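The block underneath contains the structure these notes are about, expressed in structure tokens.
The values are calculated or read from the model by the stated rules, or taken from the named source; none is laboratory data. These numbers were taken from a predicted model, which means no experiment stands behind them. Cβ coordinates were reconstructed from backbone atoms using ideal geometry, including for glycine residues, and neighbour counts include every protein chain displayed.
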Amino acid sequence: MDGAVARDLATVNQCLFNNAYFRSIDALLLTSFRFATLIKWLSWLLTIAIAVLVDGCRRASSAHLERKRSHLARASVFCGM
């Protein structure tokens with residue numbers, strides 16, 4: 001008797017959860033989970049990307065000014081100032 005009940009429940013379970021409707025709900029839940037995870041991490045990634053961009057611009061500007069200063073220092077040495 002227990003074997004027959006287990007077999008029937010397995011058949012019902014397989015019919016329910018191998019249904020296209022339940023598979024589409026599963027895919028929808030997985031997609032919404034992935035989207036929520038992306039939104040959660042996007043704020044951190046955006047913050048880091050902006051920090052890297054600002055740092056790169058600052059370093060480029062600083063290097064440009066440093067090159068100008070070194071040229072001026074060499075010019076003052078050559079001119080005897």
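Residues that are surrounded by 10 or more Cβ atoms within 10 Å (Cβ to Cβ) and hydroxyl-bearing (Ser, Thr, Tyr) within the range 1-48 comprise Thr11, Ser24, Thr31, Ser32, Thr37, Thr47, listed in sequence order. Of all the listed residues (Ala51, Ala75), the sole one being out of contact with any strand residue (DSSP E or B) (no Cβ under 8 Å at 6 or more places or on another chain), surrounded by 10 or more Cβ atoms within 10 Å (Cβ to Cβ) and at pLDDT 90 or above is Ala51. For first residues located in the range 24-39 and at negative phi, partners that are part of a helix (DSSP H, G or I) and surrounded by 10 or more Cβ atoms within 10 Å (Cβ to Cβ) and lie 6+ apart or on another chain with Cβ distances below 9 Å form the pairs Asp26/Phe17.
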